[in-house]
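Enquirer: The following block contains the structure, expressed as structure tokens.
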Amino acid sequence: MNPRASELGNKVAYQIYIRSFQDSDGDGIGDLRGITSRLDYLAGLGVDLLWITPFFPSPQADNGYDVTDYRAIDPLFGTMADFEELAREAKVRGISLMLDMVFNHTSTTHEWFKRALAGEDRYLAYYKFVDAAPDATEDNPGEPPTNWQSKFGGSAWEYVPQLNKWYLHLFDVTQADLDWDNPDVRDEMASILRFWRKKGVDSFRFDVVNLISKVEGWQDDPTGGDGRQFYTDGPHVHEYLQELVERGGIDGCVTVGEMSSTTLENCVRYTNPAHHELSQAFSFHHLKADYAGGDKWALQPMDIDQLRTVFRTWQEGMQEQDGWNALFWSNHDQPRPNSRFGNTDTHWYASSTLLPTCTHLMQGTPYIYQGEELGMTNPDFTSIDQYRDVESINYFQILQDRGLTADEAFHVVHERSRDDARTPMQWDGSATAGFTTGTPWIGVSGNHTWINAAAELGDQKSVYAYYQQLIALRKGEPIIAEGEIRFFDGYEGTPIIAYERTLENAPEGSAWRVVVLCNFSGDEQQLSAPFDQAQTLVGNYGDALLEAGKLTLRPYEAVALAWND
Ligand code: TEU
């Protein structure tokens, strides 16, 4: 059994994008007290871990992923007393708070960066500053140190005239990359973790943590790419993570790393307990099955063979080497998965329940992103003015610079924007969906009138009830938490993903085998299914059309068959 299974196998995490979850003071922005007011809803779902996106002081250029002070609470979201109350109330309900630590970069409004701009050597060394050419000027700074591109578009370097230097920013220009090769920086980050540990926090998410170690020396990307090979899973990343975990006092905590463009081999090292790094990894390769040529901003229909191969590679690969996957379809950076990989126009319920059935029964720890448990969809925005995300607004222009018309660029943004997942949580059918008594910072999706918690709670046929069922299964059926996983061959070229879980010495009455079959299409599929004596463990159509060794899968149907004799 995977060594992580006993501590993490029956846990389920829920992600809150604090800006959009619940506003308590009418300013149109979600906050800590708002979350506290909704803890019973979360406890009712059955979640154990609550990942809350950053609420530290920030100018909000990237909605909190641009941190000014890691040891305080931004007044936008409340006070430290509000945080402490939330932590207490969550603990009473058996829920552990997972804080989101953005350690690859700080805001350029951070004290450290300000002191660097003032020319203090100690703080210049906190960041990746590189001397510009001696004759560089503000009007003509010359070429940046490398041709690397920011993930939000444009050069990854910004020229600072008063220093005649460039600084690196892999993300927004206001997010300056820290120099993790500097032991003073590593000391600071470990100290920040100790500060939150002293407050009783025992769970952390690390933002793009596999980007912290950059290759020594500055080289152009010879492929004309964005330079990611020079900083992704970099030369010292494992060493720095082990040191951070040990000195931050978080070995044994529940931790998860967001691993951008990573590899299986590195994620085994990040999560295998023998390495004392993190306990889980978010990898994103499965969420690139609809990226034409791997480019987020080039649309293509979802490639089901690619999706199946990635799931198989990561599930069987991490199992073989005692790594541990975070299981997810969405977060605050991804479009709503039911809109993206299903068809919410023709099969909203089936699309909204196919996806979690596929992943919640895999090996790993499932993450539910706010509203996913209600079947929230991409918003029906019709104008770029409705979008707020810096990346989306940048790419609306970049795509037009690449030759797309404004309408074509808008269509791509509409399908790919991070704001697709950032519209207010839909609590009820009122004008602002019960999210705020004020004006929401971003528009409410029009379908909140019928997709909302008030309409679904108590309805045993709701998407919410289906998620409750999946979560209860993970806690009640040991095979899901502890079983081995194996994907079935023979489905290439079909819209089916199929795998089985097996558990040796399954407890009396519990399943020793579960077969999961998922139809990622809007068409009925007939399968040869030599599955006699099977029980229907769970299915998004409520039953299974299984007879005489044949199984019919209806549009976007997922079913799990179990053997427990
Ligand atoms: O995301 C990393 C990241 O690259 C994502 O922004 C996402 O993969 C990208 O938008 C795909 O095009 C983390 C945070 O989750 C994100 O919200 C932050 O903006 C980013 O890091 C910088 O901190």
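Enquirer: Would you check if Gln306 is more than 14 Å from the ligand (Cβ to nearest atom) and either open to solvent by less than 40 Å² (accessible area, probe 1.4 Å) or not in a helix (DSSP H, G or I) (or both)?
Expert: no
Enquirer: Among the numbered criteria (1) closer than 30 Å to Thr344 by Cβ; (2) in contact with a Ser or Thr (Cβ under 8 Å, 6 or more places away or on another chain); (3) among the aromatic types (Phe, Trp, Tyr), which single criterion is violated by Trp512?
Expert: Going through (1) closer than 30 Å to Thr344 by Cβ; (2) in contact with a Ser or Thr (Cβ under 8 Å, 6 or more places away or on another chain); (3) among the aromatic types (Phe, Trp, Tyr) one by one, Trp512 breaks only (1).
Enquirer: Looking at the stretch 251-265 only, could you name the residues that are more than 15 Å from the ligand (Cβ to nearest atom) and under 21 Å from the mean Cα position of the chain (by Cα)?
Expert: Listed by number, the residues that qualify are Cys253, Val254, Thr255, Thr263, Leu264, Glu265.
Enquirer: Related question: Collect the residues in the stretch 39-57 that are over 19 Å from Ile29 (Cβ atoms) and either within 15 Å of the ligand (Cβ to nearest atom) or open to solvent by 10 Å² or more (accessible area, probe 1.4 Å) (or both), keeping them in residue-number order.
Expert: Hits for the stretch 39-57 are Asp40, Tyr41, Ala43, Gly44, Gly46, Asp48.
Enquirer: Report, by residue number, each residue of the stretch 237-252 that is under 14 Å from His275 (Cα atoms) and assigned to a loop (DSSP other than H, G, I, E, B).
Expert: Ile250, Asp251, Gly252 - these are the residues of the stretch 237-252 that are under 14 Å from His275 (Cα atoms) and assigned to a loop (DSSP other than H, G, I, E, B).
Enquirer: If you don't mind, there's one more thing I want to ask. Looking at the stretch 59-78 only, could you name the residues that are within 13 Å of the ligand (Cβ to nearest atom) and either in contact with a Ser or Thr (Cβ under 7 Å, 6 or more places away or on another chain) or among the hydrophobic types (A, V, I, L, M, F, W, C) (or both)?
Expert: Ala61, Gly64, Asp66, Val67
Enquirer: Next question, about the same structure. Considering each of Gly30, Gly46 in turn, give the residue that is at pLDDT 95 or above and closer than 24 Å to Ser392 by Cα.
Expert: Selected residue: Gly30, the only one of Gly30, Gly46 that is at pLDDT 95 or above and closer than 24 Å to Ser392 by Cα.
Enquirer: What do you reckon, is Arg247 touching a residue at least 24 places away in the same chain (Cβ under 8 Å), under 22 Å from Asp202 (Cα atoms), surrounded by fewer than 19 Cβ atoms within 10 Å (Cβ to Cβ) and basic (Lys, Arg)?
Expert: Considered against the rule, which asks whether it is touching a residue at least 24 places away in the same chain (Cβ under 8 Å), under 22 Å from Asp202 (Cα atoms), surrounded by fewer than 19 Cβ atoms within 10 Å (Cβ to Cβ) and basic (Lys, Arg), Arg247 comes out as yes.
Enquirer: On to the next question. Give me the pairs, please: first residue somewhere in the stretch 512-526 and small (Gly, Ala, Ser), second residue anywhere and surrounded by 24 or more Cβ atoms within 10 Å (Cβ to Cβ), beta-carbon distance under 7 Å, and either six or more positions apart or on two chains.
Expert: Qualifying pairs under 7 Å: Gly522/Tyr556.
Enquirer: Please count how many residues of the stretch 215-235 are surrounded by 16 or more Cβ atoms within 10 Å (Cβ to Cβ) and more than 22 Å from Gly294 (Cβ to Cβ).
Expert: Residues meeting the conditions: 1.
Enquirer: Oh, and also: With the requirement that a residue be more than 16 Å from the ligand (Cβ to nearest atom) and of a type in the set (Ser, Thr, Tyr), what does the stretch 79-118 give you?
Expert: Thr79, Ser96
Enquirer: While we're on this one: Give all pairs with beta carbons closer than 9 Å in which a residue from the stretch 129-152 that is under 16 Å from Pro222 (Cα atoms) and in a strand (DSSP E or B) meets a residue that is open to solvent by 40 Å² or more (accessible area, probe 1.4 Å) and away from the ligand (no atom under 16 Å from the Cβ); count only pairs at least 6 apart in sequence or on separate chains.
Expert: Gln149/Ser155
Enquirer: When you check Pro273 against the structure, is it within 30 Å of Gly403 (Cα to Cα) and either at pLDDT 95 or above or outside the structural domain of Asn10 (by TED's automatic domain parsing) (or both), yes or no?
Expert: Against the criterion (within 30 Å of Gly403 (Cα to Cα) and either at pLDDT 95 or above or outside the structural domain of Asn10 (by TED's automatic domain parsing) (or both)), Pro273 does not qualify.
Enquirer: Quickly run through the stretch 266-297 and pick out the residues that are within 12 Å of the ligand (Cβ to nearest atom) and under 26 Å from Glu243 (Cβ atoms).
Expert: Answer for the stretch 266-297, where residues must be within 12 Å of the ligand (Cβ to nearest atom) and under 26 Å from Glu243 (Cβ atoms): Phe282, Ser283, Phe284.
Enquirer: Answer yes or no as to whether Ser339 is among the small types (Gly, Ala, Ser) and away from the ligand (no atom under 14 Å from the Cβ).
Expert: For Ser339, the condition - among the small types (Gly, Ala, Ser) and away from the ligand (no atom under 14 Å from the Cβ) - is met.
Enquirer: When you check Gly9 against the structure, is it closer than 19 Å to Thr437 by Cβ and open to solvent by less than 10 Å² (accessible area, probe 1.4 Å), yes or no?
Expert: no
Enquirer: Testing Gln300 on (1) within 16 Å of the ligand (Cβ to nearest atom); (2) within 21 Å of the chain's Cα centre (by Cα); (3) free of Cβ contacts under 8 Å to residues at least 60 places away in the same chain, one condition comes back false. Which one is that?
Expert: That leaves (2) as the condition not met.
Enquirer: Also, quick follow-up: What strands (runs of 3 or more DSSP E) lie completely within the stretch 157-225 and have 2 or more residues being within 25 Å of Ser392 (Cα to Cα) and away from the ligand (no atom under 16 Å from the Cβ)?
Expert: Answer list for the stretch 157-225: 157-160.
Enquirer: From the list Thr357, Thr423, Thr353, Thr437, which one is assigned to a loop (DSSP other than H, G, I, E, B) and either open to solvent by less than 50 Å² (accessible area, probe 1.4 Å) or in the same structural domain as Gln280 (by TED's automatic domain parsing) (or both)?
Expert: Thr423
Enquirer: Can I ask one more? Scan the stretch 395-414 and report the pairs whose first residue is more than 21 Å from Ser339 (Cβ to Cβ) and whose second residue is among the polar types (S, T, N, Q) and modelled with pLDDT of 95 or more, with Cβ atoms within less than 8 Å and a gap of 6+ or a chain change.
Expert: Within 8 Å, the pairs are Ala406/Gln400.
Enquirer: Quick one: Gly294 ticks every box in (1) over 30 Å from Gly403 (Cβ atoms); (2) without any contact (Cβ under 8 Å) to a residue 24 or more places away in the chain; (3) of a type in the set (Gly, Ala, Ser) except a single one, so which number is it?
Expert: All conditions pass for Gly294, except number (1).
Enquirer: Are any of the residues in the stretch 90-113 in contact with a Lys or Arg (Cβ under 8 Å, 6 or more places away or on another chain), surrounded by fewer than 22 Cβ atoms within 10 Å (Cβ to Cβ) and part of a loop (DSSP other than H, G, I, E, B)?
Expert: Looking for residues that are in contact with a Lys or Arg (Cβ under 8 Å, 6 or more places away or on another chain), surrounded by fewer than 22 Cβ atoms within 10 Å (Cβ to Cβ) and part of a loop (DSSP other than H, G, I, E, B), one finds none in the stretch 90-113, hence no.
Enquirer: Filter the stretch 119-128 down to residues that are open to solvent by 30 Å² or more (accessible area, probe 1.4 Å) and in a loop (DSSP other than H, G, I, E, B) and give me whichever is nearest to the ligand (Cβ to nearest atom).
Expert: Ala125
The values are calculated or read from the model by the stated rules, or taken from the named source; none is laboratory data. What you see is a predicted model, and the numbers here were worked out from it, not measured in a lab. Glycine also receives a Cβ, built like all others from the backbone with ideal geometry; neighbour counts cover every protein chain displayed. These accessible areas exclude ligands, DNA and RNA; they are computed on the full protein's heavy atoms, side chains included. Shrake-Rupley method; radii C 1.70, N 1.55, O 1.52, S 1.80 Å.
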